[in-house]
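The values are calculated or read from the model by the stated rules, or taken from the named source; none is laboratory data. Keep in mind it's a predicted model, so treat the numbers as computed, not measured. Note: ideal-geometry Cβ built from the backbone for every residue, glycine included; neighbour counts use all protein chains shown.
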Amino acid sequence: METLILIIIGLVAGPIIGGLIAGLDRRVTARFQSRQGPPILQAFYDVAKLFGKEAMVVNQWQILCAWVYMIAAAVSVGLFFAQGDLLLIFFVQAIGSVFLVMGAMAGKSPYSQVGAQRELMQILAYEPILILVCVGFYLVTGSFSIEAVWQLDQPLLAKMPLLYLALGYALTIKLRKSPFDFSTSHHGHQELVKGVLTEYSGPYLALVEIAHWYETVLVLGLCSLFWTTNVAWMAVLLLLTYMLEILVDNTMARMTWRWMLKRVWLIGMGMSVVNLIWLYAG
Amino acid sequence: MSNLLLLLILLPVVSALVCYFVRSSAVRSLTVVATGAILTLAALGLLGQGTFEPLAVGSILGISSDFLITVMDFALLGVIFFYGLKHKSLLIQGFTLAQAALLVWFEMVMIDHTAVPALVGDQLSLIMVLVVSIIGSLICIFAIPYMKEHEDHLHLKKSRQPQFFFFLLIFLGAMNGLVLANNVLWLYFFFEVTTLCSFVLIGHDATEVATKNSVRALWMNSFGGLAFVIGMMLVYMKTGSLDISAILAAGPQGALMVTGVGFICLAGFTKAAQVPFQSWLLGAMVAPTPVSALLHSSTMVKAGVYVVLRFAPAYMGTLLSDGVAICGAFTFVACAALCIGQSNGKKILAYSTVSNLGLIICCAGINTPLAITAAIMLIIFHAISKSLLFLCVGTIEQAIGSRDIEDMRGLYAKYPRTALITIIGILTMLLPPFGVLVSKWMAIEAASSNIYVIIMLAMGSALTVVYWARWGGSLMATRVADAAPEKQALLIRLPLTILCAGAVLLSVAAPWIYNSMLAPMFKVAPFTMSFGSLDAVTGSVAIVPLFIVLGLGVLFAVKAASGFRKTKIMPPYLGGANAEEDGTYIGPMNGPVPFSAGNMYLGELFAEGKLTPIFNALAIALIVLMLGGAL
C-alpha cells in the first residue's frame with residue numbers, strides 16, 4: 001500500500017517538478033545572457049498550448065511512439081519512487097528512448113532521421129556509464145534495489161566520487177544540453193532544425209515534452225541517491241549539479257557526435273572503471 | 001519413458017528417410033508437418049514426465065548400442081574425410097585424421113568397455129529438447145513453402161528438396177540426441193552429426209560461394225571435433241569415466257581434468273561460432289533462410305552453448321571458469337560492435353546471434369545459480385525471437401528481393417503483417433519486460449562481481465540498442481487508405497504467428513517457467529516468485545506487473561494511433577516547399593530536388609574489415625589464457 005502511494009506521488013509530482021525545473025532552467029539561462037526570461041511557469045503554458053493545437057502527423061507510428069515514450073518515462077519514475085531495482089528502472093527508461101528514436105525514424109524527413117541517428121549515438125554514449133553507476137551502487141550496498149541505499153550511514157558520494165562525475169556526463173547527454181545537444185537543439189533555426197523532434201508537433205510534442213520532464217526527474221533522482229543521509233545536503237548537491245549543468249550549457253558550443261563518443265567512452269568510462277576498481281578493492 | 005526418447009531421436013531419422021526416398025512433394029509436406037506435430041507432443045510429454053536418472057539404452061537388434069555408436073562415429077569421420085578430399089581441404093583432412101587416430105587409441109587402448117548409461121534427462125536437457133523440437137519443427141514447416149518458392153527462382157531441372165529435408169530432419173534428431181546424451185562418446189557422436197549436417201545444408205545451393213563457406217564451416221567444426229576428442233581423453237585419464245552425470249557430480253578434479261574440460265569448452269566455442277570462429281556462421285547466410293534460422297536459433301549454435309553449460313559444474317570455481325566468462329563477454333561486445341557497421345539484415349542477425357551466444361557462455365563462466373538461470377532463460381527466449389526474425393527476413397527477402405535494411409524502409413506500407421511481426425520480434429530482443437532483456441538483466445546483475453566482465457557487458461548492451469532500434473524504426477510507414485491486404489502463404493503465416501505470439505506470451509510466463517523448470521536445478525534458488533515477479537536480495541524484476549502496466553499503456557497508445565485517419569497527415573518538413581512528387585521538394589531554380597536519408601553505420605569506427613583481425617587476435621589470446629587458466 002505504501003509503495004502504491006509512493007508510486008502515485010511520483011507519477012503526479014514527476015511532471016510538476018520536471019516542468020518547474022525546465023522553467024527555472026530557462027529563467028537562469030536568461031539571466032546568464034542578461035535577459036529578463038519567461039515566467040517560471042512558462043513550460044506549463046507551452047505544453048498546455050501545444051495540447052490545444054491541431055493534431056498533425058507525418059506518420060501514424062509517431063502517435064504510438066510519442067505515447068509509449070511518455071508512458072515508459074512515467075513508469076520508470078513510478079518504479080523509482082517504488083524503490084525498485086535500479087538496473088530495471090534504467091532498462092524501462094530505455095523503452096522510452098527507443099520509441100522516441102523509432103518515431104523520429106518513421107517520418108521521412110531527413111532532419112528527424114539525422115536527429116534519430118544522433119540520438120542513438122547519445123544512447124550509445126551514456127548507456128554504459130549508467131550501467132556502471134548501477135554496478136557501483138551494487139558494490140557499495142550489496143543490492144541493486146534503491147531501498148538498500150537508504151540503509152547507508154554515509155553518503156555514497158564519498159565512495160563513488162568519480163562515478164558521480166561520470167554520471168554528470170550522462171546527465172548532460174540525457175538532458176541534451178550543450179556540448180551534447182546534437183540530436184535536437186533549443187532553437188529551430190539551425191542546420192538541424194529540431195532534429196529528432198522535427199516531425200513531432202502539437203499534442204504529440206506536448207507528450208514528448210512531458211516525457212522529458214519525467215526523464216529529468218529520474219536522472220536527478222539518481223543523483224540524489226548519492227547523498228541519502230541528509231536531506232539538506234542532498235538538496236545542495238542537486239542544486240550545485242544542476243547549476244553546473246546550466247553553466248556548461250551556456251558556455252559550451254555544440255560538438256560533434258564523434259567528439260562525444262570518444263570523449264565519453266574514454267574519460268567517462270575511464271573514471272567509472274577507476275572508481276569501480278576502488279570499490280572492488282575496498 | 002524410453003519410448004518417448006526413441007521417438008524424439010529416431011522419428012526425425014525415419015521421416016528424413018521418407019523425405020529422401022519418396023520424391024512426392026505432397027508426401028514430403030505431410031511428413032514434415034506430422035513429424036513436427038509429433039515431436040512437439042513428445043517433447044511436451046517428456047516434460048510432463050519430469051526429469052529422469054541416467055538410463056541405459058541396451059542393444060538394438062542384438063548389437064550393443066555403444067558399439068553401434070562407435071561404428072557410426074568412424075563412418076561419419078570417413079564421410080567428412082571424403083568431403084575433405086573432394087574439396088581439397090588439407091585442414092579438414094588433417095583434423096579428421098587426427099580425430100580418427102586419437103579415437104582409435106581411445107577406444108582400443110584407453111577405455112575399458114564397461115556399460116555407461118547412455119541418456120539422461122535433467123532440467124537443462126528437457127528445456128533444450130523443448131526448444132529444439134518445437135522451434136526446430138516450426139522452422140521445418142516454414143521451409144515447405146519457402147523451398148518451393150526458392151526452387152522456382154532457381155529453375156532447377158530436378159528438385160533438390162528431398163536431400164534438403166533429409167538433412168534438416170536428421171539435424172533435429174541429432175540435436176535431441178545431443179542434449180539427452182549421458183555418455184561422452186554419444187555426445188561426441190551427435191556433435192559430429194550436427195557438423196556434417198550443417199556442412200551439407202550450408203552448401204545446399206551449390207554455388208561457388210556456398211561451397212566455399214560450407215568448407216570453411218566444416219574445417220572449423222572439425223577443429224572443434226578434434227578439441228572435443230582431446231578434451232574427452234584428458235578428462236578420462238583423470239576420472240576414468242565416460243558418464244557425464246558422474247563427472248559433473250564429482251566437480252573439478254585437478255589440472256589435467258580441468259584442462260580436458262577446457263578443450264571441450266573450446267569445442268563448444270567453435271560450434272557456437274565464438275570469435276575467432278564467427279566466420280563460419282556468417283558464411284552460413286548463403287544457405288536458404290530456413291537453414292540459417294535453424295543453425296542460428298535452435299540447433300547448431302545452441303549445441304555449442306549447451307556443451308559449455310553442461311560442463312559448467314566440472315569447472316566451477318576454477319580459473320578456467322573466469323576464462324570462459326571473459327571469452328564469452330568479449331564475443332558479446334566484439335560482435336555487437338561489428339553489428340553496428342552492417343546494413344545486411346541477415347548479417348545483423350548473425351552477429352547478434354554470436355553476440356548473444358557470447359553472453360550465454362559468459363553466464364556459464366560466471367557459474368553462479370543466478371548466472372546459470374540467466375543463461376538458460378536466454379537460450380529459450382533468444383531461440384524464439386531469433387528464429388522469428390530469421391523467418392521474417394526470409395519472408396521479406398522473397399517479397400522485396402533484398403535483405404538490406406535500407407531497402408526495407410517503410411516496409412509497413414506494403415507488407416503490414418510481415419513488418420508488424422518483424423517490429424514485434426525486434427522489440428522482444430531489445431526491450432523489457434520481454435524475456436531476452438530480463439535474462440540480460442539477470443546476466444548483468446550476476447556479472448557485477450567481475451569487473452572485466454561487467455565492463456564488457458555494459459558496452460555491449462549499449463551497442464545492441466543501436467542496431468536494433470534503427471532497424472525497427474526504419475520499417476515504420478503509413479498505409480494508403482484503401483491498400484490491398486498483404487498475401488501470405490498459410491504455412492508461412494502459421495510459424496510466424498506462432499513464434500511471434502510465443503515470444504510475447506512466454507515472456508509473460510517467464511516467472512512460472514523459472515519456478516517450475518529452473519528453480520529445482522539449484523540447492524539455493526536465486527529468486528523467489530510472488531505475484532508474477534522474481535525477487536532476490538540483490539534485486540528484483542516485477543515481470544507480470546510490468547507487463548500489465550506497460551501492456552495497458554501500449555494498448556492505449558495503439559488505440560490512439562489507430563484513429564490516425566482523423567488527424568491531418570502532413571508531408572515532412574524539408575526546409576523548402578514540398579513538391580507534388582513524393583520524396584522531393586522545390587529547391588533552387590524552382591525544380592524538384594530529391595532527398596533521402598540513410599542510417600549511420602559508423603564506417604570509420606566500426607568497419608568490419610578493420611576490426612575483425614584485431615578482434616580475432618584478441619580472442620585467440622583470450623582463449624589461450626583461458627586454457628592456460630585450467631593448469
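Against the test of being touching a residue at least 24 places away in the same chain (Cβ under 8 Å) and crowded, with 20+ Cβ neighbours inside 10 Å, the options B:Y573, B:Y467 yield a single qualifying residue, B:Y467. Considering each residue of the range B:112-130 in turn, none proves to be of a type in the set (S, T, Y) and under 20 Å from B:S24 (Cα atoms).
Okay, residues lined up against (1) within 29 Å of the chain's Cα centre (by Cα); (2) within 24 Å of B:M232 (Cβ to Cβ); (3) of a type outside the set (S, T, Y); (4) modelled with pLDDT under 95:
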{"residue": "B:A16", "(1), (2), (3), (4)": "yes, no, yes, yes"}
{"residue": "B:R28", "(1), (2), (3), (4)": "yes, no, yes, yes"}
{"residue": "B:Q49", "(1), (2), (3), (4)": "yes, no, yes, yes"}
{"residue": "B:A56", "(1), (2), (3), (4)": "no, yes, yes, yes"}
{"residue": "B:F74", "(1), (2), (3), (4)": "yes, yes, yes, yes"}
{"residue": "B:W105", "(1), (2), (3), (4)": "no, yes, yes, yes"}
{"residue": "B:M108", "(1), (2), (3), (4)": "no, yes, yes, yes"}
{"residue": "B:A115", "(1), (2), (3), (4)": "no, yes, yes, yes"}
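Does the range B:529-537 contain at least one residue that is farther than 26 Å from A:G78 by Cβ and either outside the structural domain of B:A481 (by TED's automatic domain parsing) or not in a strand (DSSP E or B) (or both)? No, the range B:529-537 contains no residue that is farther than 26 Å from A:G78 by Cβ and either outside the structural domain of B:A481 (by TED's automatic domain parsing) or not in a strand (DSSP E or B) (or both).
Kindly establish whether B:S507 is within 14 Å of another protein chain (Cβ to nearest Cβ), hydroxyl-bearing (S, T, Y) and within 20 Å of the chain's Cα centre (by Cα). In short, yes. Going by what's in this entry, would A:V273 be described as in contact with a Phe, Trp or Tyr (Cβ under 9 Å, 6 or more places away or on another chain), of a type in the set (V, I, T) and at negative phi? So A:V273 does not fit the description; no.
Matching residues to (1) outside the structural domain of B:G94 (by TED's automatic domain parsing); (2) charged (D, E, K, R); (3) without any contact (Cβ under 8 Å) to a residue 40 or more places away in the chain:
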residue	(1), (2), (3)
B:V200	no, no, yes
B:V209	no, no, no
B:W219	no, no, no
B:S222	no, no, no
B:G240	no, no, yes
B:A255	no, no, no
B:R310	no, yes, no
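Is it the case that some residue within the range B:345-364 is among the polar types (S, T, N, Q) and at positive phi? No, because not a single residue in the range B:345-364 is among the polar types (S, T, N, Q) and at positive phi. The condition (being touching a Leu at 6+ places or on another chain (Cβ under 7 Å) and closer than 30 Å to B:Y514 by Cβ) is satisfied by just one residue among B:V554, B:V541: B:V541.
Can you spot a residue in the range B:605-613 that is surrounded by 15 or more Cβ atoms within 10 Å (Cβ to Cβ), more than 9 Å from every other protein chain (Cβ to nearest Cβ) and not hydrophobic (A, V, I, L, M, F, W, C)? Looking for residues that are surrounded by 15 or more Cβ atoms within 10 Å (Cβ to Cβ), more than 9 Å from every other protein chain (Cβ to nearest Cβ) and not hydrophobic (A, V, I, L, M, F, W, C), one finds at least one in the range B:605-613, hence yes.
Within the range B:413-457, track down each residue that is surrounded by fewer than 24 Cβ atoms within 10 Å (Cβ to Cβ) and touching a Cys at 6+ places or on another chain (Cβ under 6 Å). Of everything in the range B:413-457, just one residue is surrounded by fewer than 24 Cβ atoms within 10 Å (Cβ to Cβ) and touching a Cys at 6+ places or on another chain (Cβ under 6 Å), namely B:I424.
For the range A:215-253, filtered to residues that are polar (S, T, N, Q) and under 24 Å from A:F90 (Cβ atoms), the residue that is surrounded by the fewest Cβ atoms within 10 Å (Cβ to Cβ) is A:T229.
Residues in the range B:413-451 that are of a type in the set (S, T, Y) and either touching a Lys or Arg at 6+ places or on another chain (Cβ under 7 Å) or more than 10 Å from every other protein chain (Cβ to nearest Cβ) (or both): B:Y415, B:T418, B:T422, B:T428, B:S439. When residues in the range A:27-60 are screened for being within 14 Å of chain B (Cβ to nearest Cβ) and not aliphatic (A, V, I, L, M), 5 of them pass. Among all residues of the range B:323-332, there is at least one that is surrounded by fewer than 24 Cβ atoms within 10 Å (Cβ to Cβ) and within 20 Å of B:I614 (Cα to Cα). Restricted to helices (runs of 4 or more DSSP H) entirely inside the range B:446-528, those with at least 1 residues that are more than 30 Å from A:Q113 (Cβ to Cβ) and in contact with a Pro (Cβ under 6 Å, 6 or more places away or on another chain) are B:490-508. When the criteria are applied in full, B:K148 fails the requirement of being among the basic types (K, R) and out of contact with any helix residue (DSSP H, G or I) (no Cβ under 8 Å at 6 or more places or on another chain). In summary, B:L319 fulfils each of the numbered conditions (1) under 19 Å from B:T211 (Cα atoms); (2) surrounded by fewer than 24 Cβ atoms within 10 Å (Cβ to Cβ) with the single exception of condition (1). Among the residues of the range A:87-94, are any at the interface with chain B (Cβ under 7 Å from one of its Cβ atoms), farther than 24 Å from A:W233 by Cβ and in contact with a strand residue (DSSP E or B) (Cβ under 6 Å, 6 or more places away or on another chain)? Yes; the residues of the range A:87-94 include at least one that is at the interface with chain B (Cβ under 7 Å from one of its Cβ atoms), farther than 24 Å from A:W233 by Cβ and in contact with a strand residue (DSSP E or B) (Cβ under 6 Å, 6 or more places away or on another chain). The single residue among A:F80, A:F99 that is more than 8 Å from chain B (Cβ to nearest Cβ), closer than 15 Å to A:A211 by Cβ and without any contact (Cβ under 8 Å) to a residue 40 or more places away in the chain turns out to be A:F99. Across the range A:113-123, the number of residues qualifying as within 7 Å of chain B (Cβ to nearest Cβ), surrounded by 24 or more Cβ atoms within 10 Å (Cβ to Cβ) and touching a residue at least 24 places away in the same chain (Cβ under 8 Å) comes to 1. Taking B:L187 as the residue in question, decide whether it is aliphatic (A, V, I, L, M) and in contact (Cβ under 8 Å) with a residue 40 or more places away in the chain. For B:L187, the condition - aliphatic (A, V, I, L, M) and in contact (Cβ under 8 Å) with a residue 40 or more places away in the chain - is met.
Listed here are the residues, each with its yes/no results for (1) aliphatic (A, V, I, L, M); (2) farther than 24 Å from A:V264 by Cβ; (3) within 13 Å of chain B (Cβ to nearest Cβ); (4) surrounded by fewer than 22 Cβ atoms within 10 Å (Cβ to Cβ).
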residue: A:V149; (1), (2), (3), (4): yes, yes, yes, yes
residue: A:A158; (1), (2), (3), (4): yes, yes, no, yes
residue: A:L171; (1), (2), (3), (4): yes, no, no, no
residue: A:L175; (1), (2), (3), (4): yes, no, no, yes
residue: A:S183; (1), (2), (3), (4): no, no, yes, no
residue: A:H189; (1), (2), (3), (4): no, yes, yes, yes
residue: A:L197; (1), (2), (3), (4): yes, no, yes, no
residue: A:Y200; (1), (2), (3), (4): no, yes, yes, no
